[in-house]
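K.L.:
This structure is in structure tokens; I'll ask about it shortly.
Readers should treat all values here as calculations from the given coordinates under stated rules, not as data from a laboratory. What you see is a predicted model; the values in this text were computed from it and never measured. Cβ placement follows ideal geometry from the backbone for every residue including glycine, while neighbour counts extend to all protein chains displayed.
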Amino acid sequence: MIETQHLEAHHRGKPALHDVRVQGGQDLTAIIGPSGAGNSTLLRAIDGLIPYSGGQILLQGQASGRPQSKQLQRQQKHVGTAYSGRMRQ
């Protein structure tokens with residue numbers, strides 16, 4: 001299960017996520033929304049691809065480590081992400 005509590009993150013120096021709370025299911029969780037709403041930023045924070053500035057991410061009930069931590073690397077084995085839409089070059 002994936003859960004975020006009061007998550008905050010920035011994208012290109014601008015606030016992108018503010019006080020985000022998500023509680024995902026056991027097997028499959030989808031995050032959908034309009035372009036520019038912070039969907040990809042949320043997924044990248046959960047994946048550990050970008051740092052988050054506040055709040056916390058729980059994976060399987062355990063607090064996620066910050067990017068590059070051994071704890072996060074172990075937890076990432078349980079998370080898969082598929083991005084859709086047009087890719088920038």
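K.L.:
In what sequence, highest mean first, do 27-38, 50-61 appear when ranked by Cβ atoms within 10 angstrom?
P.N.:
50-61, 27-38
K.L.:
Now for a different question. Using θ = phi - 60° and the Karplus relation 6.51 cos²θ - 1.76 cosθ + 1.60, list the HN-Hα couplings for segment 11-27 in order, rounded to whole Hz, with x at every Gly or Pro.
P.N.:
10, 6, x, 10, x, 10, 10, 9, 6, 7, 10, 9, 10, x, x, 6, 9
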